[in-house]
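Down below is the structure, laid out as structure tokens.
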Amino acid sequence: MTQHSGDRALYRAVCAHRAFYRLSTASLLTAALALSGCAISEGYGPDRLRGVSAGPSAESLSEADRAMFDDLSGIVAQIFEPLNTTLQINRDNADRRMQYFVDTLADKGFGIQRVSADQGANYLSYTRKNTEQPDEVHLSVAIGAVLVGRDYRQLNDDAVSPNSVVRLAGTRIPVAVSDTSSRRFKVEDPSLSEAQYVASLGLDEASPVISLITPELVSNVSNRAANGPSLQALNSSQVEVNNLFYGSESTFASVLDDYQRIDRQVIVFGNDSMVLGNTNKLLIEQFVDSKLKDSDVISLVGCSNGPTALEIGNEGLALGRAQRVTQALMSRGVARHQVLDEGCWAPTNVGDRFPSRGVVMELWRSNT
Amino acid sequence: MSFFPGFTKPASGVFLAIALSGCVAQSGGPGIGEGALLPRLAGNEEALKDISALERAHLQLIATNLVGTLVQIPEMRPATATLQFNKPESAYGNAVIRALEDAGFGMQMVSADQGQNFVSYSKRLSETESGLVTDYALAVGKIQLSREYVVDEDAVFPSSLLRISGTDYIADIELADNIFAEQGGDGNVFISGAQREGIPDPELKASTVDVRAFDQLPQDKRTLQETVFSDARQRYFENDAKRQAPELDNYVKHRRTVLIFDDNTTQMMGNANKRAVRLLVREFSDDDIMVIKACLDADGKDDASMNRAIRVEEELAGYGVPTEAAYIAPCARASYRHASDDSPTPVELVHYRPR
């Protein structure tokens with residue numbers, strides 16, 4: 001807002017400065033216009049500074065690329081409800097493939113939010129890379145914690161052929177892969193028209209520790225002898241959890257307030273072992289395939305109670321077993337945030353409350 | 001007003017003649033290109049071709065003025081609000097949709113008027129005792145904003161207060177009216193302030209702004225649209241932090257994590273930090289609060305820290321934590337950080353539960 005003080009000296013100084021500035025500006029502007037034609041400023045919007053082209057500029061995108069993104073956008077629209085989902089993309093992203101993908105998703109009804117960094121629960125990004133196979137391209141898109149990927153073989157006439165099944169991570173929502181041949185998308189192997197649920201290794205990098213700081217915990221720590229079993233430790237998601245040997249309530253009890261237990265199974269491990277084995281793998285596979293819905297939560301309590309010869313002790317063994325089951329669940333497409341893993345460990349037996357060497361796996365479903 | 005104020009008309013004419021010799025009958029002169037006004041999603045290029053670059057600049061100023069106000073209304077936080085819109089049929093429509101996009105709203109194209117936050121807008125020309133004025137309106141759901149603007153030579157100025165309806169929260173709103181003064185003027189005066197439509201306000205804060213020739217800034221020195229929106233958002237968060245400081249004595253700490261930003265300026269959180277927030281929010285209940293401690297290096301105001309805190313609060317909002325449940329803690333001196341320090345920067349996030 002402009003304020004006028006009536007200071008004439010200052011006013012004259014400003015005028016003189018501006019006259020000089022205008023002279024310089026005018027000269028430069030004149031030269032620039034004469035040389036380059038009537039270039040019109042892009043205004044004071046961000047485009048001018050960043051060189052971001054406004055509007056769709058995906059014309060130069062190859063037909064093969066379009067076919068691949070069309071294919072994956074159809075899968076994305078099955079995982080997320082377009083009319084209720086807003087996807088975030090970085091507003092500086094002028095990549096033509098991303099623009100085409102965003103336009104395609106917007107046409108399907110998704111909300112599109114352009115953010116300054118990587119804000120949002122459904123932040124959208126993609127990776128396109130050549131694989132070790134000749135003429136094969138791997139395309140994957142990440143939407144929040146969900147990853148959708150597929151390999152494609154590039155054909156000579158700017159067309160592609162799907163060269164793998166659709167791999168999904170971070171979701172168990174059933175999707176139909178209905179590949180249909182067209183001029184740019186040639187289906188050569190119909191057996192690849194299906195979805196496979198895999199672990200989201202690309203997104204599962206180490207994250208910050210989330211520590212527990214409840215007053216009860218602080219109090220317990222000060223009361224317990226230092227040479228007893230630990231009272232808390234980090235689970236597979238770097239979230240600090242209580243040792244359930246000392247308490248009856250799960251660290252995640254509040255999460256499960258609105259959930260009802262649907263099923264319970266115990267995965268039994270060998271003595272001093274974290275090896276899952278074929279039988280347990282099959283058990284987990286059946287558990288996920290036949291019972292799990294996408295909004296369900298799985299609670300795990302890894303246990304090791306009794307003497308152990310391992311250096312990692314009961315704590316490492318209990319949480320290691322829970323982590324091993326978590327990995328097996330994630331390899332079937334279960335999202336990490338759907339798994340609540342904790343542990344129960346002590347050098348003595350805990351009675352009937354928990355198994356001595358196993359993981360209690362419970363399925364919880366929302367009441368709402 | 002001359003294109004080159006401060007020069008005599010013949011001198012200006014010479015400059016213009018030279019300048020225009022390099023081009024053919026384009027819509028020359030001051031103004032902005034079509035690209036600056038065209039929405040990235042469903043833009044209508046045809047609608048922009050019939051107006052001059054100067055008119056486009058005016059529309060951008062008007063859209064910035066209205067949208068810069070909209071983002072300060074609590075119900076309309078860009079981090080959480082997705083707006084529904086139809087493909088624009090007019091230049092003003094393009095300008096509005098583009099400004100909403102740039103303000104950070106989620107934009108969803110619909111075929112009719114679906115959605116709770118459907119965007120509608122209008123432009124009405126009126127002949128009044130003050131001359132021709134144009135009333136520009138923008139409505140998002142039940143929230144409506146409108147203001148009259150008048151064109152004077154190369155500049156456009158507001159000619160009324162900004163009227164707002166559909167919300168009770170207009171006390172903290174600050175209009176970005178400085179963007180009009182930056183055009184310069186010849187003793188132009190305009191009124192600045194916001195009022196609730198149809199409701200007299202005895203405490204109305206309105207002022208008049210005098211615009212003189214020396215207020216004019218070169219195009220590339222004027223306030224960026226992006227800056228208007230980010231300042232408005234930041235002001236909202238700062239006011240919000242002051243307004244709703246919780247009584248922490250009524251809460252106990254439940255969980256704590258420390259997010260690490262790569263340096264003091266970045267807003268990118270990265271997958272690991274985002275995952276930590278997602279896992280932390282998983283245990284969040286209705287009466288809980290989150291306290292964000294981003295400012296550790298000074299007693300007082302620290303813009304970089306505030307931006308980081310806002311970034312984290314926006315992330316929390318993206319996962320469903322309401323604004324009123326997230327609190328940005330004031331600065332507390334913990335360590336000294338030099339301005340040139342680009343080492344990783346922590347933000348502490350503490351989850352509190354009621355006692």
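The values are calculated or read from the model by the stated rules, or taken from the named source; none is laboratory data. Just so we're clear, the structure is a prediction, and the values are computed from it rather than from any experiment. Glycine also receives a Cβ, built like all others from the backbone with ideal geometry; neighbour counts cover every protein chain displayed.
For the reader, a short list of remarks on this structure follows.
- Segment A:310-327 - residue that is of a type in the set (Gly, Ala, Ser) and crowded, with 21+ Cβ neighbours inside 10 Å and, of those, nearest to A:Ser207 (Cα to Cα): A:Ala322
- Residue list for segment B:164-183, filter: at pLDDT 90 or above, in contact with an Asp or Glu (Cβ under 8 Å, 6 or more places away or on another chain) and crowded, with 18+ Cβ neighbours inside 10 Å: B:Ile164, B:Ala181, B:Glu182, B:Gln183
- Of the listed requirements (1) buried (at least 19 other Cβ atoms within 10 Å of the Cβ); (2) at pLDDT 90 or above; (3) within 27 Å of the chain's Cα centre (by Cα), B:Ile310 misses just one: (2).
- Count of segment B:40-81 residues which are in a loop (DSSP other than H, G, I, E, B) and out of contact with any helix residue (DSSP H, G or I) (no Cβ under 8 Å at 6 or more places or on another chain): 2
- Number of residues in segment A:164-197 that are farther than 24 Å from A:Ala328 by Cα and basic (Lys, Arg): the value is 3.
- Screening the candidates A:Ser191, A:Ser211 for the property of being in a strand (DSSP E or B), surrounded by fewer than 19 Cβ atoms within 10 Å (Cβ to Cβ) and either of a type outside the set (A, V, I, L, M) or out of contact with any Phe, Trp or Tyr (no Cβ under 9 Å at 6 or more places or on another chain) (or both) yields one hit, A:Ser211.
- Candidate set from segment A:328-348 (those that are within 20 Å of A:Glu249 (Cβ to Cβ) and among the small types (Gly, Ala, Ser)); member that is surrounded by the fewest Cβ atoms within 10 Å (Cβ to Cβ): A:Ala346
- Residue in segment A:91-105 that is of a type in the set (Gly, Ala, Ser) and free of Cβ contacts under 8 Å to residues at least 40 places away in the same chain present: no
- Per-region count, segment B:82-141, residues more than 21 Å from the chain's Cα centre (by Cα), loosely packed, with under 15 Cβ neighbours inside 10 Å and part of a strand (DSSP E or B): 7
- Top-ranked residue of segment A:257-276 - restricted to ones that are in contact with a Ser or Thr (Cβ under 7 Å, 6 or more places away or on another chain) and closer than 18 Å to A:Ile298 by Cα, ranked as surrounded by the most Cβ atoms within 10 Å (Cβ to Cβ): A:Tyr259
- Matching option when the condition is at the interface with chain A (Cβ under 9 Å from one of its Cβ atoms) and at pLDDT 85 or above, among B:Phe229, B:Phe214: B:Phe214
- Filtering segment B:225-259 to residues that are aliphatic (A, V, I, L, M), touching a helix residue (DSSP H, G or I) at 6+ places or on another chain (Cβ under 7 Å) and either surrounded by fewer than 20 Cβ atoms within 10 Å (Cβ to Cβ) or part of a helix (DSSP H, G or I) (or both) leaves B:Val228, B:Ala232, B:Val252.
- Among the residues of segment A:254-272, just one is within 19 Å of B:Asp286 (Cβ to Cβ) and in a strand (DSSP E or B), namely A:Tyr259.
- Residue that is farthest from the chain's Cα centre (by Cα), among those in segment B:184-198 that are surrounded by 11 or more Cβ atoms within 10 Å (Cβ to Cβ) and outside any strand (DSSP E or B): B:Asp186
- Pairs, first facing chain A (nearest Cβ under 10 Å) in segment B:101-121, second of a type in the set (D, E, K, R) and surrounded by fewer than 17 Cβ atoms within 10 Å (Cβ to Cβ), C-beta under 8 Å, six or more apart: B:Met109/A:Asp107; B:Met109/B:Lys87
- Subset of segment A:347-367 (residues that are in contact with a Gly (Cβ under 8 Å, 6 or more places away or on another chain) and modelled with pLDDT under 90): A:Pro347, A:Thr348, A:Asn349, A:Ser356, A:Arg357
- Test result for B:Glu226, acidic (Asp, Glu), within 17 Å of B:Leu145 (Cβ to Cβ) and touching a residue at least 24 places away in the same chain (Cβ under 8 Å): no
- Filter pass, A:Leu329 being touching a residue at least 12 places away in the same chain (Cβ under 8 Å) and farther than 21 Å from A:Gly247 by Cα: yes
- Close contacts from segment A:345-361, counting a first residue that is in a loop (DSSP other than H, G, I, E, B) and a second that is modelled with pLDDT of 90 or more, with Cβ to Cβ under 6 Å and a gap of 6+ residues or different chains, come to A:Phe354/A:Cys303; A:Phe354/A:Cys344; A:Pro355/A:Val266; A:Pro355/A:Cys303.
- Checked against the criteria, A:Ser140 does not count as modelled with pLDDT under 90 and within 28 Å of B:Glu314 (Cβ to Cβ).
- Residues that are in a strand (DSSP E or B) and aromatic (Phe, Trp, Tyr), drawn from segment B:260-290: B:Phe261
- Scanning segment A:115-129 turns up no residue that is over 16 Å from B:Thr82 (Cα atoms), part of a helix (DSSP H, G or I) and more than 9 Å from chain B (Cβ to nearest Cβ).
- Residues located in segment B:161-182, provided they are within 26 Å of B:Gln219 (Cβ to Cβ) and free of Cβ contacts under 8 Å to residues at least 60 places away in the same chain: B:Asn178, B:Ala181, B:Glu182
- Top-ranked residue in segment A:278-309 [being in a strand (DSSP E or B) and either touching a His at 6+ places or on another chain (Cβ under 8 Å) or aliphatic (A, V, I, L, M) (or both); ranked as surrounded by the fewest Cβ atoms within 10 Å (Cβ to Cβ)]: A:Val297
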